[in-house]
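First comes the structure, then the notes that go with it.
Nothing in this text is a laboratory measurement; each read-out follows from the coordinates by a stated rule. Please read all numbers here as calculations on a predicted model, not as lab measurements. Neighbour counts are summed over all protein chains in view; Cβ atoms, including those assigned to glycine, are modelled from backbone coordinates with ideal geometry.
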Amino acid sequence: MKISILGSGSEGNATYIDLAGVPILVDAGFSGKTLMERFLQIEVVPSCLKALLVTHEHVDHIKGVGIISRKLNLPIYITPESYRVAQRQLGKIAEGNLRFISGDFWIDGKVHVIPFDVNHDAARTVGFRLEGVNGKTVVVTTDVGSVTTDIAPFFRNADVIVLESNYDFGMLQACDYPYALKQRINSSHGHLSNEDSCRMIGEFYHSNLKKVYLAHVSKNSNTYEMALNTTLQELNARCISLDVEVAYQHHPTPMFEL
C-alpha cells in the first residue's frame, strides 16, 4: 500500500492511494496543471489511475475532476446529490466514466470502496473506507463537521486514516473571518477543530493503526504546528505512540508505504 496527500486545505484537496496494486485518486481540488505537477513530485504516472473518488462538490475538492477525467479517460465516482450541484463545473464527462455512488462497490475486483455519510454543509458529503484484497485499509474523511457514533464502525482496524484537523477554536474566534463564517466552521456541519480531531483519533485508535494524516488545516484559524502538537499531546496523555503527519497545502507528503 502507498499513499501521498498531494495537497490539502481550502485551496485544494487530493489524495493518491495505491491499494492492492490499484492506484486511486480521492478528490481533485486543484487545476489539472497543478495535479500533474504534484504527480511528478511523487514520481507517479497519472495515466495509471483506475478511479477518481469524489467526497463532495465543494470547489476545493472538484476543481480538477472534470479535467482529469477527460485527460486520462478516468471514471469518477460521485453521489447523485453532489453531481447535480457540480454538473456545470465538472463539464462533459464521458458516459461510461460517470458512476453514481449508491452504496459500496469494487474497483478492479481488488479494492472494496465503502462510502459513508458525514456531517458537512454540502448537498451530500461522504468519507471513504477503502479495503484492499491484500488486507490493508485506508479511511479518508477530509471534511466532517462533527463526530457521531454512526461513523465509528468505518474506522475499525484501519491501517491509515486521513482526517481533518481544520481549526483551533481560539484562533478561529480571533481571526478576521465574518461572524457568520465562524459560526458555520464551528457548527456540527462545518469542520473539525484540532481538539475534536485528536479526541476522535484517540477514541478510534487500535493496535493495527499505523499512520494518521491531519488534513484540511486552515491557513487563517490554525497552524500546522498547532494541529500536530494538539494531537500528539492528546495521544501522549492516552499513552499512545502513533505516526502522525500533517498534510500541507502547497506540496505533497512523502510517499508512505506499508
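The table below gives the values:
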{"quantity": "Cα pair distances exceeding 21 angstrom across the range 157-244, given as percent", "calculated": "29 percent"}
{"quantity": "Relative contact order [Cα under 8 Å, 6+ residues apart], the chain, whole percent", "calculated": "19 percent"}
{"quantity": "Cut-off 17 Å, label 7 Å out along Cα→Cβ of MET171, residues of the range 235-258 by amide N", "calculated": "245-251"}
{"quantity": "HN-Hα J in Hz across the range 50-57 - Karplus 6.51, -1.76, 1.60, θ = phi - 60°, x for Gly and Pro", "calculated": "9, 6, 10, 9, 10, 6, 6, 8"}
{"quantity": "Net dipole in debye of the range 2-248 [+1 Lys, Arg Cβ; -1 Asp, Glu Cβ; about Cα centre; nearest 20]", "calculated": "700 debye"}
{"quantity": "Proxy reagent accessibility, fewest Cβ within 10 Å first, across ARG124, ARG84", "calculated": "ARG84, ARG124"}
{"quantity": "All-pairs alpha carbon distance profile, the range 85-216, 5 Å steps from 0, percent", "calculated": "2, 9, 17, 19, 17, 15, 11, 7, 3, 1"}
{"quantity": "Segment ALA152-HIS250, extension gain: residue separation times 0.36 nm, minus the distance between their alpha carbons", "calculated": "32.2 nm"}
{"quantity": "Net charge of neighbours whose Cβ lies under 15 Å from the Cβ of GLN87, counting Lys and Arg as +1 and Asp and Glu as -1", "calculated": "+4"}
{"quantity": "J(HN,Hα) series, the range 182-187, from Karplus relation 6.51 cos²θ - 1.76 cosθ + 1.60, nearest Hz, glycine and proline x", "calculated": "4, 5, 5, 4, 8, 7"}
{"quantity": "HN-Hα J in Hz across the range 239-248 - Karplus 6.51, -1.76, 1.60, θ = phi - 60°, x for Gly and Pro", "calculated": "6, 10, 9, 8, 7, 10, 9, 8, 8, 9"}
{"quantity": "Rg and Dmax [Cα atoms of the range 2-248; Å; Rg one decimal, Dmax integer]", "calculated": "17.1, 52"}
{"quantity": "Neighbour-count ranking [beta-carbon atoms within 10 angstrom, fewest first] of MET255, MET226", "calculated": "MET255, MET226"}
{"quantity": "Residue-averaged [θ]222 nm for the chain, counting only DSSP H segments that reach four residues, each worth -39500 (n - 2.57)", "calculated": "-7500 deg cm²/dmol"}
{"quantity": "FRET efficiency, GLU43 to LEU98 (Cβ-Cβ, R0 22 Å, nearest 0.05)", "calculated": "0.15"}
{"quantity": "Antiparallel DSSP beta bridges within the chain, percent to nearest 5", "calculated": "55 percent"}
{"quantity": "Net charge of neighbours whose Cβ lies under 9 Å from the Cβ of LYS2, counting Lys and Arg as +1 and Asp and Glu as -1", "calculated": "-2"}
{"quantity": "Highest-first arrangement of 92-101, 244-253, 36-45, where packing means the average Cβ count within 10 Å", "calculated": "244-253, 36-45, 92-101"}
